[in-house]
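J.: Here's a structure for you.
The values are calculated or read from the model by the stated rules, or taken from the named source; none is laboratory data. These figures come from a predicted structure and were not determined experimentally. Heads up, the Cβs are rebuilt from the backbone with ideal geometry, glycines too, and the neighbour counts pull from every protein chain shown.
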């Protein structure tokens with residue numbers, strides 16, 4: 001099969017720990033240099049925490065694998081300095097079309113409103129994505145010790161630290177760490193070594209995934225067919241990727257023979273039936289797969305933290321695997337950084353499990369529902385599905401019932417996280433506490449910019465500073481008190497701001513040039529939003545005092561968890 005991409009091979013370097021004469025200790029070790037492990041190491045480095053990143057291979061993934069990167073994922077990667085190469089290389093899209101048999105029944109738009117820096121989705125082969133992440137990790141090499149061909153062969157987890165035995169081409173060495181982040185994939189070796197399980201549902205249906213290289217006139221959209229004439233009684237998905245590569249997924253059924261289906265002549269027969277006899281194409285990569293929707297009961301074992309596929313898996317429908325994994329990594333890293341730096345209690349780390357168990361459950365629910373809709377298990381469910389598709393062509397209400405893979409959207413933590421403050425009165429719209437920030441175009445000193453680029457990596461308070469002179473004096477006093485008490489707090493003021501506000505330290509004044517910041521956050525003069533380091537809203541107010549900021553920040557950092565535990569101990 002011809003290749004449009006040649007996997008880079010990264011040099012193995014003899015680790016200095018082989019010559020240390022004993023066990024070497026590190027604050028953080030990450031195992032697995034796939035997307036989750038690389039993003040974790042990069043995020044730690046961006047926030048000033050070094051790590052050792054171990055991988056048993058020395059290249060990026062083979063085959064395109066994950067290809068759909070959603071808007072929220074791109075926003076996270078932009079904060080880490082990784083998004084621009086993806087935007088430059090990737091295929092941007094936002095429109096999807098659903099077909100039933102020989103006709104289109106409807107289309108949808110994943111980003112119907114303007115005024116966002118990131119597109120709804122970028123399609124990019126996983127090998128490019130990983131290569132860009134490796135490039136970024138190399139830029140941060142002073143804080144990321146990336147070791148290729150370093151395989152963990154033994155692990156011992158204790159309450160205070162973790163011990164690893166690492167095998168290399170030059171022999172074995174031992175190291176220990178305060179925190180171990182495990183990103184070694186769905187069949188995690190470390191999870192097995194520790195006797196832990198990932199539980200869930202196994203789906204028997206088989207699918208053929210094939211990347212074909214061709215010059216085609218298909219638009220840059222997501223097309224999904226139910227029961228098409230060229231592949232009757234099954235489903236087909238079509239996506240465009242860079243380099244004239246097109247991803248096609250064929251549902252095969254539970255009884256399909258994987259070895260037969262992977263034969264090139266059989267792949268060609270299916271693809272040719274879909275594209276027509278005159279279309280020329282080359283097969284770049286193909287695989288027959290089944291999948292599981294499963295997760296661990298807890299992502300934390302002593303000081304071992306499971307991330308990515310090692311922690312949770314979903315079906316590929318909806319692009320929730322890599323996207324959900326990167327959201328999970330971001331959730332853990334900002335908390336780990338603050339615990340390591342002594343800015344938050346150790347108890348904060350438990351909320352990684354709380355919040356991302358919720359995120360994984362949401363992804364698994366949507367993924368399972370999509371699978372059930374795509375692959376009806378009996379005549380009744382088939383009749384229901386086909387009736388919904390017939391109705392969807394004319395009636396919008398039925399389109400909400402069609403499920404060809406609910407596409408990845410950011411998870412919110414409203415109502416499930418102990419870190420999120422109760423919503424204040426006076427808001428009818430805007431973003432509730434627990435939701436991630438919404439972007440908008442702005443200007444700073446007359447230059448175009450974006451709101452999200454002013455948030456993240458620390459606590460930020462967005463304040464509508466368009467107040468009169470009298471109100472500005474009182475507001476400045478409260479903000480100055482909060483800034484003086486919290487060194488990791490910065491201000492983003494929606495201006496024009498009176499001089500008393502604009503002169504505060506760690507303050508940036510932005511111009512809401514299109515009014516979209518005010519619209520998306522339902523701002524009024526004096527309104528404020530407090531954002532966590534992962535750009536999620538932790539509290540908002542119509543009017544606030546410095547003590548409100550202190551209380552919300554304290555809750556977001558987990559100090560409330562200690563107080564609640566102290567009360568529980570007293571009551572016990």
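J.: Just to be sure, is residue 360 touching a strand residue (DSSP E or B) at 6+ places or on another chain (Cβ under 6 Å) and either at pLDDT below 95 or assigned to a loop (DSSP other than H, G, I, E, B) (or both)?
T.: On the way: touching a strand residue (DSSP E or B) at 6+ places or on another chain (Cβ under 6 Å): yes; either at pLDDT below 95 or assigned to a loop (DSSP other than H, G, I, E, B) (or both): yes.
For residue 360, the condition - touching a strand residue (DSSP E or B) at 6+ places or on another chain (Cβ under 6 Å) and either at pLDDT below 95 or assigned to a loop (DSSP other than H, G, I, E, B) (or both) - is met.
J.: Do we have any residue at all in the range 541-556 that's without any contact (Cβ under 8 Å) to a residue 12 or more places away in the chain, in a helix (DSSP H, G or I) and under 29 Å from the mean Cα position of the chain (by Cα)?
T.: Yes.
J.: Right, next: Report the residue count in the range 496-518 for those that are surrounded by fewer than 20 Cβ atoms within 10 Å (Cβ to Cβ), modelled with pLDDT of 95 or more, in contact with a strand residue (DSSP E or B) (Cβ under 6 Å, 6 or more places away or on another chain) and not in a strand (DSSP E or B).
T.: Here the count works out to 3.
J.: Anything in the range 1-47 that is touching a helix residue (DSSP H, G or I) at 6+ places or on another chain (Cβ under 8 Å), surrounded by fewer than 19 Cβ atoms within 10 Å (Cβ to Cβ) and farther than 19 Å from residue 129 by Cα? List them, or say none.
T.: Within the range 1-47, 1, 24, 27 meet the criteria.
J.: Listed residues 48, 81; which is out of contact with any strand residue (DSSP E or B) (no Cβ under 9 Å at 6 or more places or on another chain), assigned by TED's automatic domain parsing to the domain that holds residue 147 and closer than 27 Å to residue 443 by Cα?
T.: Working: 48 fails: closer than 27 Å to residue 443 by Cα.
On inspection, the qualifying residue turns out to be 81.
J.: Right, another one. Hey, can you tell me all the residues within the range 274-287 that are on the phi < 0 side of the Ramachandran plot and either surrounded by fewer than 14 Cβ atoms within 10 Å (Cβ to Cβ) or not in a helix (DSSP H, G or I) (or both)? Working first, answer last.
T.: Of all residues in the range 274-287, those on the phi < 0 side of the Ramachandran plot come to 274-275, 277-287.
The answer is 277, 278, 279, 280, 281, 282, 283, 284, 285, 286, 287.
J.: Looking for something farther than 30 Å from residue 97 by Cβ, at pLDDT 95 or above and surrounded by 17 or more Cβ atoms within 10 Å (Cβ to Cβ) - is there at least one such residue anywhere in the range 196-216?
T.: So far as the range 196-216 goes, yes, one or more of its residues are farther than 30 Å from residue 97 by Cβ, at pLDDT 95 or above and surrounded by 17 or more Cβ atoms within 10 Å (Cβ to Cβ).
J.: Name the strands (runs of 3 or more DSSP E) wholly inside the range 113-162 in which the number of residues that are free of Cβ contacts under 8 Å to residues at least 24 places away in the same chain and more than 23 Å from the chain's Cα centre (by Cα) is 2 or more. Walk me through how you get there before you give the answer.
T.: Working: elements: 121-123, 144-147, 151-157.
Those strands (runs of 3 or more DSSP E) span 151-157.
Residue-by-condition table, conditions (1) without any contact (Cβ under 8 Å) to a residue 60 or more places away in the chain; (2) touching a helix residue (DSSP H, G or I) at 6+ places or on another chain (Cβ under 9 Å); (3) farther than 30 Å from residue 363 by Cβ:
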residue: 247; (1), (2), (3): no, no, no
residue: 276; (1), (2), (3): yes, no, yes
residue: 280; (1), (2), (3): no, no, yes
residue: 294; (1), (2), (3): no, yes, no
